[in-house]
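Accompanying notes for the structure given below.
The values are calculated or read from the model by the stated rules, or taken from the named source; none is laboratory data. As the structure is a prediction and not an experimental result, all values here were calculated from the model. We place every Cβ from the backbone using ideal geometry, glycine too, and count neighbours over all the protein chains shown. The protein model used for the area step is the full one, side chains on, heavy atoms only, and it has no ligands, DNA or RNA in it. Shrake-Rupley method; radii C 1.70, N 1.55, O 1.52, S 1.80 Å.
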Amino acid sequence: MNFDFSAEQQQFAQQVRRFARDHLAEGALKRAHAPGFPFDVAALMAKHGLMGISLPESEGGQGGTLMDAVIAIMEVAAACPRSADVVQFGNFGPIRTFAEYGTPEQKARWLGELLAGRIVMGLGMTEPDAGSAVTDLKTSARADGAHYVIDGRKVFATFSPDAHVFLIYVRFGPGLGGIGSVLIERDRPGFSIGAPQAFMSGEEWSELHFADCRIPAANVLLGPGGFKKQMAGFNVERLGNTARSLALGRYAFNAARDHALKREQFGRPLCEFQGLQWKFADMAIKLDGAELLLFRAAANADRGLPSAYETAVAKAACNQAGFEVANETVQIMGALGYSRETLVEYCMRRTRGWMIAGGSIEMLKNRIAEHVFDRRFDQRKQPSTAAE
Ligand SMILES: Cc1cc2nc3c(=O)[nH]c(=O)nc-3n(C[C@H](O)[C@H](O)[C@H](O)COP(=O)(O)OP(=O)(O)OC[C@H]3O[C@@H](n4cnc5c(N)ncnc54)[C@H](O)[C@@H]3O)c2cc1C
């Protein structure tokens, strides 16, 4: 077993670090507080080969591995936490499910534009009555000749105020087997997008409404029975969320370490107080442990899709480590850490959201427990027996 990056991975990490330092470090604070999708950063990343890292070159990608994409998120976030969202979008988000399962015609239409950073794709999975219980989704796709008619509502979709096209989970029929997904353009008649609303992180989302929205059958991504494949693709998205949690925790850790070396109180630098030293030791243990779990999930997936169990373990560990560390760094940096003049409070707010998004920590733990006991625990309320 070898815990070091290969020579190629080290070289790639250095390249991305240099790129991020030269192009992204400046303006990192401003970018973190701007709600819109940073299209300028996306175009720059496309130019420097940071979009579609793990997609085949024949599809306009870079032919690298999922681990390379994880390295890119971590190196970019170390210079500009907000820009890591662009690496997420270009490598881990709905784009990856789309690239995996899209038809040649669908890809010809959108993949090139997405990889060039000119357009962004939103993911509409969650509904007002279907959050963790995502299979309760009601948004329907009814066949009508060569078309489908979409009706329903989606909430909380990241990038929705800016997205050009959306990957929408729909119900073609009853039960799990009735779930699939479609691609819907922003300007399609019958599709309306509500006013932007803000998360605690400052990111914005809009409600998506579909009323008699007719789409051609060519816009179906995965028909009935596609749910399992969608979730397999979604595990990649989860790893991007996992990597950002860890990377923003590390960003905050490094900022607090630099601060503790310089800032003096009682005539001594903060790092000389044991009460703070132990906080740093605890944070290092959390970050290093979570990082190994992330690397295991990504490295084992290589160019394929990651395992559901390893992804769940890695995401729960990195979500917790990232938030707990960022939260502690706010304490260590005092009023400065709590101020919007530094990015540690931003890292705390962002990492908090990833404990909910993309599979909450509790839902991941349910999944992990199923692996531990090798049996399925149905979360649904069971019908009461006649004797009751
Ligand atoms: C930052 C952010 C970005 C997001 N981006 C998107 C996006 O791009 N597209 C999209 O479709 N959605 C997105 N979401 C929505 C996200 O997928 C949902 O928030 C998530 O699935 C949880 O659903 P919910 O918020 O309705 O919470 P609920 O499902 O109502 O859960 C509430 C609480 O109960 C817990 N809980 C629920 N069921 C169980 C159970 N069986 N066992 C134990 N605990 C349980 C949950 O863990 C949670 O703590 C985003 C959310 C956030 C915060």
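Data table
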read-out	value
13 Å beta-carbon shell around Ile179, net charge (K/R +1, D/E -1)	+2
Prolate/oblate/rounded call for the chain, Cα gyration tensor, a/c under 1.5 rounded	prolate
Karplus (6.51, -1.76, 1.60) ³J(HN,Hα), θ = phi - 60°, over region 98-109, in Hz, Gly and Pro reported as x	4, 5, 6, 10, x, 6, x, 5, 4, 5, 4, 6
Cα pair distances exceeding 24 angstrom across region 1-95, given as percent	18 percent
Cα-based Kirkwood hydrodynamic radius, region 88-157, one decimal, Å	13.9 Å
DSSP-defined antiparallel bridges as percent of all bridges, the chain, nearest 5	85 percent
Formal net charge of residues neighbouring Gln88 (Cβ-Cβ distance under 13 Å; K, R +1; D, E -1)	+2
Cα-based reach from Lys229 at 30 Å (exclusive), listing lysines while leaving out same-chain residues under 8 positions away	Lys107, Lys138, Lys154, Lys315, Lys365, Lys381
Potential lengthening between Arg21 and Ser140 on full extension [0.36 nm per residue; Cα-Cα distance subtracted]	38.2 nm
Nonlocal amide H pairs with Leu55, under 5 Å, H built at 1.01 Å	Gln62, Gly63, Gly64
Accessible area per residue, Å², region 7-164 with all protein chains present, probe 1.4 Å	40 Å²
Where only alpha carbons of region 277-388 are counted, the Rg and the Dmax (Å)	18.2, 63
Amide H contacts of Gly122 (H built 1.01 Å from N, under 5 Å, at least 5 apart or other chain)	His164, Val165, Phe166, Leu167
Rg followed by Dmax, in Å, when region 135-282 is reduced to its Cα trace	23.1, 79
Per-residue HN-Hα couplings for region 355-364 [Karplus 6.51, -1.76, 1.60; θ = phi - 60°; Hz; x = Gly/Pro]	6, 9, 6, x, x, 5, 4, 5, 5, 5
Top positive-direction residue, dipole computed over region 86-143 with Cβ charges, set Thr103, Phe92, Gly124	Thr103
Under the Karplus curve 6.51 cos²θ - 1.76 cosθ + 1.60, θ = phi - 60°, whole-Hz ³J(HN,Hα) for region 320-333, x wherever Gly or Pro sits	5, 4, x, 5, 4, 5, 4, 4, 5, 5, 4, 5, 5, 8
For region 15-153, the Rg and Dmax computed from alpha carbons only, in angstrom	17.2, 54
